[in-house]
Structures are given as C-alpha cells and as structure tokens.
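The values are calculated or read from the model by the stated rules, or taken from the named source; none is laboratory data. Owing to the predicted nature of the structure, the values given are computational and were not obtained by experimental measurement. Here the Cβ positions follow ideal geometry from the backbone for every residue, glycine too, while neighbour counts run over all protein chains shown.
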Amino acid sequence: MATLDLIGSSPKFRALLTEVERVAPVDSAVLIQGETGTGKEVIARAIHESGPRRNRRFVALNCAAIPGALLESELFGHERGAFTGAWAQTKGRFQLADGGTLFLDEIGDMPLELQPKLLRALQEREFERLGSTQTVRVNVRVVAATNQDLGQLVSRKLFRADLFYRLNVIPIRLPPLRERIPDILPLTEFFVAKFAARLNKPIDLIPDEVVAALKAHDWPGNIRELQNCIERAVLFSPGSVLRLPLDLRQTVAQSSETAARTLADADREHIVETLNQTNWLIGGQDGAANRLGLPRTTLIYKMRKLGIETRRSLGARPIRQLAGEQCRAAASC
Ligand SMILES: Nc1ncnc2c1ncn2[C@@H]1O[C@H](COP(=O)(O)OP(=O)(O)OP(=O)(O)O)[C@@H](O)[C@H]1O
Ligand SMILES: [Mg+2]
C-alpha cells in the first residue's frame, strides 16, 4: 500500500483497511459499494497493491463511460474484421489484466445482454474475442464497484441475480465521509499540503473555525468534494491562512446557530436538574440559585429566558410576571 495515498484515522476507516489486508491475498471477487467519491477506486487499488498480484497490471474499466455496443469488445477484445472499423486484432481488458486485477467500475451500468458473457468469464475464466471461435483462458481477479444499490437493481430485474452473487463474494461497503468525521482533519491537512505544493501557494495555518466548518458540512460528494473544496480554498486564500470558499462559510454560520441552540439546551438541562434537586426552591441557603452560584434574580431571569416554568417555590404567581419584576432590577444579568 506504500504507493497509495490512503488517509484516514477514524475507527471505520481503520476497519476498512483491516478488511483490505484480509481480502488482498485471496482471488475471490470483491464488490465495493459506496456513495460517489468515497474512495471506491482507491480501495480497489489498495486491494491489488496489498496482494500477490501487485507486480502485475491493475486494469480499470468504467462500464458507464463506454457505449454498450463497444463494451463487449473493450472487455473481451476482437478479431480483425469482427465489425466495421475493427482493423486489427485487439486484446480486451480481461486479457490485458491476465495475472493481475480487473477493476470493473460502475458495474450497475453493465448492459443486461452482456452480463451472461461476463458471468461465464468470471466463472470459467475463459471467453472468446469478438469474431473468434478460439477460447482465451485468463487468470484475473475481478474487483467491481458501484454507487447504485445493486441488490435493488436485481429485484427490479435490471441486473442479473447470478452475476450479482458471483461478484458479491466479498462485499465491501465504504462509509460516507459524514460517518467518518475524525478523517476530515487528516484529509484536509493532506489536501492542503498537496495543493499548496502544486499551486505554489504556501499555507501554514488551518484555523480551528475552518476545521469546525468542514466537520459540520455533510459532504454529499464525499472525499472528492472535500478535495475540490480544499483546492479552491488554497487557491483563493488571500494569505498563508486557509480561508474557505463562501458556500462553505455559510455552513459555518448554520452550524454555529446549531451550536448556540445546543448551549441553551445544556443550560436548560443543568438548571432544571438543580431545581429538581432543591424541589424547585429557588432562593435561600438551600435554593437552586445558591447551588448554581447565581444571584436569585439572575436565576429567575435565566429561567425566563430559557422558558423554564416554576413549579413550587414561586407560589401561585406565574414566572413571567415575577421574572419581569425581578429582571428590571437585574437588567445586567
Ligand atoms: N482515503 C483517502 N485518502 C486520500 N485520498 C482519497 C481517499 N479516498 C479517496 N481519495 C481521493 O478522493 C477522490 C475520489 O476517490 P475515488 O475516485 O476512489 O472515489 P469513488 O468512490 O470511486 O468515486 P465515484 O463513485 O465518483 O467513482 C480521488 O481523488 C481519491 O484520490
Ligand atoms: Mg470511481
């Protein structure tokens, strides 16, 4: 794994690395599922690099990027004259990956009509090039990936169940970045260093509020989105202190509102708990104000602000009225 940049320290990321180490030595098919940008290709490469095939090729094919009609030829190759424009015999990705790993990205987009041939290649480790009757045998480990729910596609008959089970021998699910908050700081530091060097723009401070904002964002585009955001931030930071692009700064504002609400909740809980302990007695030696180290009027003012209704010690008078009286005297509280 030495050549790959695999950054992360969260428990979920560490568990993922353990899984990679566990599945790397065997030949079974792996199906990596996860939201866009979670690092599916990075993990597929890590499996290849950590296993006995590391000195052979890692061949990637994005099934969504190639028109259905060309995909068969891309996978299995073709003979000269197999179709219009086939000027020479061409090896397919299966053959190019012989001895190594074939990474089938976006496998959910594999056309249904091609799936039986792929299944056979996986099961029998053999196939024929387009336009040929000669069987080609290969030794390939297949790792597939998708951000679609392949099980769902199977139940909607958009993906063959037999192929799904053949690919899903070792399922790996990549958690989204919002479930790996402890990874955000090391990833940010990594991307800042990378883009600072690439853009020749030294950044020597990542302020705490920037880290807080990054942690508060929910990253629908996951690590790729974080990477792009840091690239923009490095590029547009006016000095050597990292500044976030405007859209992310708006997230900070929202998250600090949430933080303020949380603080009020904590205050409310603490006061109610103390009032419960004093049987809702506010003043005097054994009252809640004394326990909280607050003047009685200050506590009443705070209770009013936090919407805590009195239960006993203030007698029949509603707290709003009483608090109004007291708080005029305690305007500074
Ligand atoms: N753990 C990691 N450490 C450092 N960089 C990472 C890590 N995981 C992913 N990346 C980077 O994030 C970007 C997205 O990763 P990758 O292409 O593997 O995601 P993906 O899940 O395949 O995305 P998609 O579903 O869009 O194909 C890449 O630039 C990759 O280098
Ligand atoms: Mg990918």
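General remarks:
- Any helices (runs of 4 or more DSSP H) falling wholly within the stretch 25-136 and containing at least 3 residues that are under 24 Å from the mean Cα position of the chain (by Cα) and either within 16 Å of ligand 1 (Cβ to nearest atom) or farther than 30 Å from Arg224 by Cβ (or both): 40-50
- Subset of the stretch 27-50 [within 15 Å of ligand 2 (Cβ to nearest atom) and out of contact with any helix residue (DSSP H, G or I) (no Cβ under 9 Å at 6 or more places or on another chain)]: Lys40, Glu41, Ala44, Arg45, His48
- Qualifying residue in the stretch 78-92 (condition: of a type outside the set (Phe, Trp, Tyr) and either touching a residue at least 60 places away in the same chain (Cβ under 8 Å) or within 16 Å of ligand 2 (Cβ to nearest atom) (or both)): no
For (1) among the charged types (D, E, K, R); (2) under 20 Å from Asp149 (Cα atoms), each residue gets a yes or a no:
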| residue | (1), (2) |
| --- | --- |
| Gly39 | no, yes |
| Arg54 | yes, no |
| Phe76 | no, no |
| Ala82 | no, no |
| Thr90 | no, no |
| Phe94 | no, no |
| Asp98 | yes, no |
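- A residue that is out of contact with any Cys (no Cβ under 8 Å at 6 or more places or on another chain) and modelled with pLDDT of 85 or more cannot be found anywhere in the stretch 320-332.
- Looking across the stretch 144-200, not a single residue is within 14 Å of the chain's Cα centre (by Cα), β-branched (Val, Ile, Thr) and part of a loop (DSSP other than H, G, I, E, B).
- The single condition from (1) modelled with pLDDT of 95 or more; (2) surrounded by fewer than 16 Cβ atoms within 10 Å (Cβ to Cβ); (3) within 30 Å of Val234 (Cα to Cα) that Leu205 fails is (1).
- Any chance Ala24 is without any contact (Cβ under 8 Å) to a residue 60 or more places away in the chain, surrounded by fewer than 17 Cβ atoms within 10 Å (Cβ to Cβ) and either of a type in the set (Gly, Ala, Ser) or within 16 Å of ligand 2 (Cβ to nearest atom) (or both): no
- The number of residues in the stretch 1-24 being in a helix (DSSP H, G or I) and over 26 Å from Leu185 (Cα atoms) comes to 2.
- Cβ separations smaller than 7 Å between residues 6+ apart or across chains give the following pairs from the stretch 35-54 residues that are among the basic types (Lys, Arg) to residues that are in a loop (DSSP other than H, G, I, E, B) and within 13 Å of ligand 1 (Cβ to nearest atom): Arg45/Leu4.
- If only residues of the stretch 163-202 that are among the polar types (S, T, N, Q) and over 20 Å from Lys215 (Cα atoms) are counted, the one that is nearest to ligand 2 (Cβ to nearest atom) is Asn168.
- Taking the numbered list (1) closer than 30 Å to Ala97 by Cα; (2) more than 13 Å from ligand 1 (Cβ to nearest atom); (3) touching a Lys or Arg at 6+ places or on another chain (Cβ under 8 Å) in turn, Ala161 passes all entries but (3).
- Exactly one residue out of Gln148, Gln152 is out of contact with any Gly (no Cβ under 6 Å at 6 or more places or on another chain) and among the polar types (S, T, N, Q), and it is Gln152.
- On the stretch given as the stretch 143-193, residues that are touching a residue at least 60 places away in the same chain (Cβ under 8 Å) and more than 21 Å from Ala64 (Cα to Cα) total 13.
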